[in-house]
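Scroll down for the structure; my scribbles are underneath it.
The values are calculated or read from the model by the stated rules, or taken from the named source; none is laboratory data. Since the structure is predicted, the reported quantities are computational estimates derived from the model, not experimental observations. Here Cβ is always computed from backbone atoms with ideal geometry, including for glycine, and neighbour counts include all displayed protein chains. Ligands, DNA and RNA are excluded from the accessible area calculation, which covers all protein heavy atoms including side chains. Shrake-Rupley method; radii C 1.70, N 1.55, O 1.52, S 1.80 Å.
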Amino acid sequence: ACLRKCRRKECRRLRSACVRYPGKNQYNGFHSLLSLKKEEVNVGRQRELDLVKGFLMIMIILIHSFQTIGNLDTVNSYAHEILFALFMPTGACLYLFAMGFGSVFTRHSEPKDMVKNGIKLLVFQALSNLCYAAVIVISFCLRNLIVGEVPGSRELYQENLYAVLTFVNIFFISGMCYLVLALYKKLNVKPGGYIISAIVVGIVTPFTRLLVSDNQALNWILDMTFGGKGETSFCFFPYLSYVFFGYVFARVIRQIPEEEKGDFYKKSGIICGVIAAVWFISCIVLHPNVDDFFNYMLDQYRTPGLLKVIGSLCTILLVFAISFRVMPLIEKWKFGYNKLCFYSKQISKMYAVHIGVYYVIGGFTAFGGFGVKACVLWSVAGLVVTDLLVQGYLRIESRIKSKIK
């Protein structure tokens, strides 16, 4: 019986995981998925999340190299399309899922804290756009002063400048989602309410994306919200599903003792892996051509329907399970493990900085674009430079804070 085992000296740490009744453990397996209790026994840092987010950041930097400094042939290459399609089930979806997950574990989880975080991220969106524009102007002008202007580069320069000034990326989505989480927290919505909300968002997204307007300003707002026009990089409403599911998953994990997570991830990984495989293979069968498959995934990536939400959710949970399994091996490689943890902890800064690094490269090369191999090599350089810049910023920030104190 569970209670008798917990009286043994070697099992005392399990006492908090037992219920009042002998022979039962309320935190075993999937029981917590069906009935969330008030008692939480796993409130520390979830290391598997660090590995997932750290690897996510590396993949984001790789794919963005194709999208920001690749030439037209590179953007339309099978290498980019296949890589994007394979990465699409996670990507920004995983980022927002992790945000919902992290909102449960953070010490600053009150509604007012979430509102502050949301507003801060919206401000970051505006500031980062201005910084990207400044980087483009400075690098392009310096390049022209040194070696002269390349014919036709002025048009590319103006296109990139307009693109970054109207850029709507993950900061906007995260900021808006934080505001929604703050509202849900204020209303004391139960986990079941988050699940229902996530499903509703997945169902109505294909319809809300049809909302467009002849008024340019209103149409832009609708596009940033629902994605109907298709000009902004992202829209926040469809991604609420991942945030809600991330919140619920975190609530589940908090009720599973660390020593039982292996069994939990084994079961959830198998079930979610099967569902994710069926969904992904079905997408391939229905869109056997690489270009068609890429276009379908790109469309679903931006405004996902319920099937895409379920497919991505199961893929994300499978990635969590795999991360938990390989974690002991990765921990032995201290350098790699520490880097993944660093990228995870500083993912917002890494995300913001690496885009600026690519625009510096673009400006100094007159936006001529690179081939597939060059983009891969530049992504490695971009990762290293971004890492160094973020570390330098953190050191400067630490010194300033210490002087203020």
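Overall, the chain carries a charge dipole of about 2940 debye about its Cα centre when +1 sits on the Cβ of Lys and Arg and -1 on the Cβ of Asp and Glu, all other atoms neutral. A straight Cα-to-Cα reach below 17 Å connects residue 332 with the aspartates and glutamates 48, 50, residues fewer than 8 places away in its own chain not being considered. Of the trypsin sites (Lys or Arg not before Pro) in segment 67-122, the ones in a loop by DSSP (not H, G, I, E or B) with at most 16 other beta carbons within 10 Å are 107.
The protection proxy used here, the mean number of other Cβ atoms lying within 10 Å of each residue, ranks peptides 277-290, 156-169 as follows, highest first: 156-169, 277-290.
Provide the FRET efficiency to the nearest 0.05 for the residue 322-residue 190 pair, computing r from the beta carbons and using R0 = 35 Å. Taking R0 as 35 Å, the efficiency between residue 322 and residue 190 is 0.70. For the pair residue 147 and residue 82 in one chain, pulling the backbone fully straight at 0.36 nm per residue adds 19.7 nm over the alpha carbon distance.
Take the chain with all the other protein chains still there, run a 1.4 Å probe, and you get 51 Å² of accessible area per residue.
When a/c reaches 1.5 or more, the comparison of a/b and b/c decides; with that in mind, is the chain rounded, prolate or oblate per its Cα gyration tensor? Prolate. Once both axes come from the Cα atoms, what is the angle between helix 111-147 and the longest principal axis of the chain, in degrees from 0 to 90, rounded to 10? Helix 111-147 sits at roughly 30 degrees to that axis.
Overall, the accessible surface of segment 114-168 at a probe of 1.4 angstrom is composed of carbon and sulfur to the extent of 73 percent. Taking a ≥ b ≥ c as the square roots of the Cα gyration tensor eigenvalues, with a/c under 1.5 meaning rounded and otherwise prolate when a/b beats b/c, else oblate, which class fits segment 282-393? It comes out oblate by the Cα gyration axes. Give me the net charge of residue 305's neighbourhood, meaning all other residues with Cβ under 13 Å from the Cβ of residue 305; Lys, Arg count +1, Asp, Glu -1. Surrounding charge for residue 305 is +2. Give me the log10 of I(q) over I(0) for segment 166-294 at q = 0.11 Å⁻¹, as the Debye formula computes it from C-alpha points; what are the numbers? Each listed q maps to, in turn, -0.56. Between residue 105 and residue 398, the simple label model (points 7 Å from Cα in the Cβ direction) yields a spacing of 2.2 nm.
Classify segment 234-311 as rounded, prolate or oblate, taking a ≥ b ≥ c as the square roots of the eigenvalues of its Cα gyration tensor: rounded when a/c is under 1.5, otherwise prolate if a/b is larger than b/c and oblate if not. Verdict is oblate for segment 234-311. The Cα center of segment 47-123 and the Cα center of segment 242-286 differ in position by 18 Å. Sorting 243-251, 394-402 by their mean Cβ neighbour count within 10 Å, with the most densely packed peptide first, gives 243-251, 394-402.
The residue list 118, 398, 385 was ranked by how far each Cα lies along the charge dipole of the chain toward its positive end, using unit charges on Cβ atoms, and 398 comes out on top.
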